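Colleague: A single structure is presented below for examination.
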Amino acid sequence: MKLVIVGDIHVPCRNFREAIEKLNLEFDEIVELEWKVKDKEDFQKKILNIEKSGSSAEEPPQELYKEIADAHMLLVHFCPIPKEIIEKGKKLKLIGTCRGGLEHIDVQAATENNIPVMHVIRNAEPVADFTLGLILSETRNISRSHEEIKRGCWRKEFVNSKHTTILKNQKVGLVGLGHIGKLMASKLTALGVEVIGYDPYVNQEELKLNNINIEMVSLETLFEESDIVSLHLRLTEETEGMVNKELLSLMKPTSYIINTSRAGVVKEEDLIEVLERRGIMGAALDVFWEEPLSEDSPLLDLDNVTLTSHLAGDTVDAIPKSPKLLVEEINYFYEKGISSMIVNLGEINLYNNEE
């Protein structure tokens, strides 16, 4: 069998090489390619273009068009894999990416060609930790107090001072019970916090199998009952703008909303409006509709928000070690024949994919 790996400036081929040493598959040939960019700034521009316009927005390495012809497996980080590449890979049995987002891969083309596409949630633990930090920072005024002291003010009163309480006294609603949502549920329940959840693709039995004992409720009930709503959603056609004025109007005036997922799941103008009129107590945001946040954003004038610059997934080891997570998932898939990380598993025929 032939394996093709494509590294880049953040996950070089050597990281893949180290990881595939533990891959329980034998390859007669391993080809290493690089998706080249000028620097990290150029990389950021390219991935933003891909996230906006899809897998064909940027060119993959030209060598890939040749090497993919007889490849059985393709592993990448952010290298674009458009339809043209997939259709040339007549022997492909798996496309794997060591990140959660799939904008760089034409999943539809892979599905049409009966090729499994696997991803990993490499930054689930960092995001869950960061989200917990944002909850504490916003509800207990940690960031605001810090900023006031730096300005020379010893401030003791804040917008929420009359309602400040400990975490255990607040009910947290998790919207989205994927990998990150499940981690949040585990962390919060371990701290003695009452947690409720909403996810149309996750049932109570699945949560019990993961030792997560929380109540699943309707989306409306979650927004009505929660003291803290934490969003853990992928941005899709279904979820875009899902959190709008109707849902926000159901929230308690003493409640908070936290978003470390994607800005697009929330309607910007609706959130700003409810914060400006104090319809909810506050918000903590790590993701924005435009990044960097524009200098004239109304959010900058609000005293009831905590803002961070899209940091939730950034740890020194999350990205470089992501090929190891991918290899672990590949091993599990080939051993068990199933994987929750194959995004098109229900739409392909694995039997026909075998040689």
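Colleague: Can you go through Leu102, Leu92 and tell me which one is within 20 Å of the chain's Cα centre (by Cα) and either assigned to a loop (DSSP other than H, G, I, E, B) or surrounded by fewer than 24 Cβ atoms within 10 Å (Cβ to Cβ) (or both)? Walk me through how you get there before you give the answer.
Modeller: Details: Leu92 fails: within 20 Å of the chain's Cα centre (by Cα).
Of the residues listed, the single one that is within 20 Å of the chain's Cα centre (by Cα) and either assigned to a loop (DSSP other than H, G, I, E, B) or surrounded by fewer than 24 Cβ atoms within 10 Å (Cβ to Cβ) (or both) is Leu102.
Colleague: Any idea how many residues of region 341-350 are part of a loop (DSSP other than H, G, I, E, B) and surrounded by 14 or more Cβ atoms within 10 Å (Cβ to Cβ)?
Modeller: 4
Colleague: What's the total number of residues in region 268-304 that are hydrophobic (A, V, I, L, M, F, W, C) and touching a residue at least 40 places away in the same chain (Cβ under 8 Å)?
Modeller: 3
Colleague: Now, a different point. Would a scan of region 331-342 turn up a residue that is at pLDDT 95 or above and assigned by TED's automatic domain parsing to the domain that holds Ile105?
Modeller: yes
Colleague: If His310 passes every condition in (1) part of a helix (DSSP H, G or I); (2) under 24 Å from the mean Cα position of the chain (by Cα); (3) surrounded by fewer than 16 Cβ atoms within 10 Å (Cβ to Cβ) but one, which one does it miss?
Modeller: So His310 meets the others, but not (1).
Colleague: Within region 216-259, count every residue that is modelled with pLDDT of 95 or more, aliphatic (A, V, I, L, M) and assigned to a loop (DSSP other than H, G, I, E, B). If you could, list the steps in order and put the result at the bottom.
Modeller: Going residue by residue through region 216-259, those that are modelled with pLDDT of 95 or more are 216-232, 241-259.
Next, from what is left, pick out any that are aliphatic (A, V, I, L, M): 216-217, 219, 222, 228-229, 231, 242-243, 247-248, 250-251, 257-258.
With the extra rule that they be assigned to a loop (DSSP other than H, G, I, E, B), the set shrinks to 217, 242, 250-251.
Result for region 216-259: 4.
Colleague: What's the number of the only condition in (1) within 13 Å of Val6 (Cα to Cα); (2) outside any helix (DSSP H, G or I); (3) without any contact (Cβ under 8 Å) to a residue 40 or more places away in the chain that Leu75 fails to meet?
Modeller: The number of the failed condition is (3).
Colleague: Something else now. Any residue at all in region 185-201 that is modelled with pLDDT under 95, within 23 Å of Gly101 (Cβ to Cβ) and not in a helix (DSSP H, G or I)?
Modeller: Going through region 185-201, the residues modelled with pLDDT under 95 turn out to be 200-201.
Adding the requirement that they be within 23 Å of Gly101 (Cβ to Cβ) leaves 200-201.
Now narrow it down to the ones that are not in a helix (DSSP H, G or I): 200-201.
Scanning region 185-201 turns up at least one residue that is modelled with pLDDT under 95, within 23 Å of Gly101 (Cβ to Cβ) and not in a helix (DSSP H, G or I).
Colleague: Residue check, Ile149 against (1) farther than 21 Å from Asn344 by Cα; (2) of a type in the set (A, V, I, L, M); (3) part of a loop (DSSP other than H, G, I, E, B), all met but one. Which one?
Modeller: The failed condition is (3).
Colleague: Right, another one. Can you tell me which condition Arg262 does not meet? The list is (1) among the charged types (D, E, K, R); (2) touching a Leu at 6+ places or on another chain (Cβ under 9 Å); (3) farther than 27 Å from Ser161 by Cβ; (4) modelled with pLDDT of 95 or more, and all the others hold.
Modeller: For Arg262, the failing item is (4).
The values are calculated or read from the model by the stated rules, or taken from the named source; none is laboratory data. A quick note: this is a predicted structure, and the numbers were derived from the prediction, not measured. Virtual Cβ from ideal backbone geometry, glycine too; neighbours counted across all protein chains shown.
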